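The values are calculated or read from the model by the stated rules, or taken from the named source; none is laboratory data. What you are looking at is a predicted structure, and each value in this text was computed from that prediction instead of being measured. Please note: Cβ atoms are built from the backbone with ideal geometry, for glycine as well, and neighbour counts cover all protein chains shown.
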């Protein structure tokens, strides 16, 4: 079988195998979001008929959509991979971070501490992430093999050259690498893969009715973790999620796209990037993502 | 049509960002929120116009200094083809980042300002494109609007470039007169240059033929990973996974495994999308073989009558990339070549190449950051390789500093000088 995505699949599979061959303790970050689902399917295909030779890990803010957590557990059971959960709530309980407070509280940035602690605890030396370069301008600059020092920091001004298809994963014992096999995929490529291989996703990616309110021109979902802002009217609307993250900072978009074909059509003509449409965290500053990545964020 | 990866090389002053902005904008690949963002930033900084370089200069330091420091990747598609742009810095101090971006592209665009013509930077960029063996080069003579769309000026620059380029190994060079700012010959044909009969830049990018750029003759398959399922359903499965570096492999082919020199037959080819009858260059597959040989990562599978060279004594062009430590002949580095890891020493720097005027400077005893030279090396184990010009995948390597882990150099293997 041939696919229009053939070259991208070949590149991603090669990267995943290279990490499995060269690192001692890789792990794949798996949130149940579409990019990590595609990455997990590629990993399965990279080693078939053997099983994926590393576990997956989810950094759980405790504020996730229940549909996504249910999907996550079902997906790893079907794939036969081990799931490790790093809990932001546990980091809060242990006094390592203080829970965010106030009307716009989000645990999004707290995840960095839990992520780095979990990497250290399990001594992971390579951490697969599903980030794509088309998502955001700082990510557009990042290498496939992205070095992290002993503080988990990214140094964007001093990245190792990365030539041809040769990757340099040499590191000191307390350092690690973030590896991005989907670097060259676009949002449309991801949906093309999902359509072509009939990949199952959490239901919230497809249009459904849900109570929402408007904040900063984005539709936020009412959940047990998020109440409507004072004075903001709550409406029942047909919406879907273009990205899936922490429920307190991920917005829905108004949409009636209820099938993969509908979403492909919608994505092809979309005039707004997925993060621009749905992520409160990226709107903070001109270099919000770069600043978070420097301290060890995904 | 195969996805096209291309590099744009140059500095902001050449109009590189304007050109990329124009390609993205005219192909409707700039999103509203991105445009709003750069409009807001430009306005806040008090710029007279929207600064399109903000689209690709994504790092804080780049925005502060107004220069490109590292490669940025951008993606766009037309109904005919999908594109990956590696937007590379042009300044000499970021040469290593330019090489990173240009190392695996199909095509490079070098911008020339029509007013100034071929300058030192044009020569340096063209030399690097030639050294890296980028198969297609486009010289965009930009800012034609500022020289009155004058055909004579375009022809002069073309002649000037061709004189210089005769000393390089460039396979396919296309010259285009454009104005990125005014939009002439970028996406739409120019009404101002009736004398030019060639294609627009986008038309050229959509149609440039790249399928023959890969080596489809010499079978090379570096073994990357051995797949042995510890599962009851597959008691005897043993597959050799890797990416085809050259040639076409078919079920039934006789193959030889290096370094053992043993021969066997391909009985099956698995791929991420299921079983296959053949595998082509660039494809990630798993080979199943008739005999149970001892094969590990770093071995090379080829045809018995068409083998790569095997040697511990190598000659290469080396681009030095470590700013913390210059090349020291005699020092031990790690060398990564295909899937093989070994250790290497540089014996001798035969000459250093002056990348501005192509002069060969002899009597040098090392290479500093961003310097390029021809060297001889000695490795702990034999490498299985081809001349870089025959096969970019089996002809390239990197040196890694064992103390710091830095990627110290990029190398291109060449036939020894006789």
request  = Kindly indicate whether residue B:291 is within 13 Å of another protein chain (Cβ to nearest Cβ), surrounded by fewer than 18 Cβ atoms within 10 Å (Cβ to Cβ) and in a loop (DSSP other than H, G, I, E, B).
outcome  = no
message = Can you list the helices (runs of 4 or more DSSP H) lying wholly within region A:254-298 that have 2 or more residues being away from chain B (no Cβ under 13 Å) and at pLDDT 85 or above?
response = A:260-269
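Pick out, from region B:2-66, the helices (runs of 4 or more DSSP H) lying fully within it that include 2 or more residues that are touching a residue at least 12 places away in the same chain (Cβ under 8 Å) and within 9 Å of chain A (Cβ to nearest Cβ).
B:32-44
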note = Scanning region A:121-177 for residues that are in a helix (DSSP H, G or I), closer than 25 Å to residue B:401 by Cβ and more than 7 Å from chain B (Cβ to nearest Cβ) gives A:158
request  = Mind counting the residues in region A:146-164 that are at negative phi, in contact (Cβ under 8 Å) with a residue 60 or more places away in the chain and in contact with a strand residue (DSSP E or B) (Cβ under 9 Å, 6 or more places away or on another chain)?
outcome  = 3
key: Filter result for residue B:111 (in contact with a helix residue (DSSP H, G or I) (Cβ under 9 Å, 6 or more places away or on another chain), farther than 22 Å from residue B:3 by Cβ and within 14 Å of chain A (Cβ to nearest Cβ))   = no
query = Is it the case that some residue within region A:54-77 is surrounded by 21 or more Cβ atoms within 10 Å (Cβ to Cβ) and within 13 Å of chain B (Cβ to nearest Cβ)?
reply = yes
query = Here are some residues: B:354, B:370. Which one is in contact with a helix residue (DSSP H, G or I) (Cβ under 7 Å, 6 or more places away or on another chain) and surrounded by 14 or more Cβ atoms within 10 Å (Cβ to Cβ)?
reply = B:370
inquiry  = I'd like the full set of residues that are touching a helix residue (DSSP H, G or I) at 6+ places or on another chain (Cβ under 7 Å), modelled with pLDDT of 90 or more and in a helix (DSSP H, G or I), limited to region B:114-128.
reply    = B:126, B:128
query = Since residue A:214 meets every condition but one in (1) touching a strand residue (DSSP E or B) at 6+ places or on another chain (Cβ under 7 Å); (2) part of a strand (DSSP E or B); (3) in the same structural domain as residue A:260 (by TED's automatic domain parsing), which condition does it not meet?
reply = (1)
task = Evaluate the following for residue B:90: is it surrounded by 22 or more Cβ atoms within 10 Å (Cβ to Cβ), free of Cβ contacts under 8 Å to residues at least 40 places away in the same chain, under 22 Å from the mean Cα position of the chain (by Cα) and not in a helix (DSSP H, G or I)?
result = no
query = Taking the condition on the phi < 0 side of the Ramachandran plot, modelled with pLDDT under 95, within 28 Å of the chain's Cα centre (by Cα) and buried (at least 18 other Cβ atoms within 10 Å of the Cβ), does residue B:138 pass?
reply = no
message = If I go through region B:376-411 residue by residue, how many of them are closer than 17 Å to residue B:353 by Cα and surrounded by fewer than 22 Cβ atoms within 10 Å (Cβ to Cβ)?
response = 1
ask   = For region A:21-46, how many residues are touching a strand residue (DSSP E or B) at 6+ places or on another chain (Cβ under 6 Å) and facing chain B (nearest Cβ under 8 Å)?
value = 1
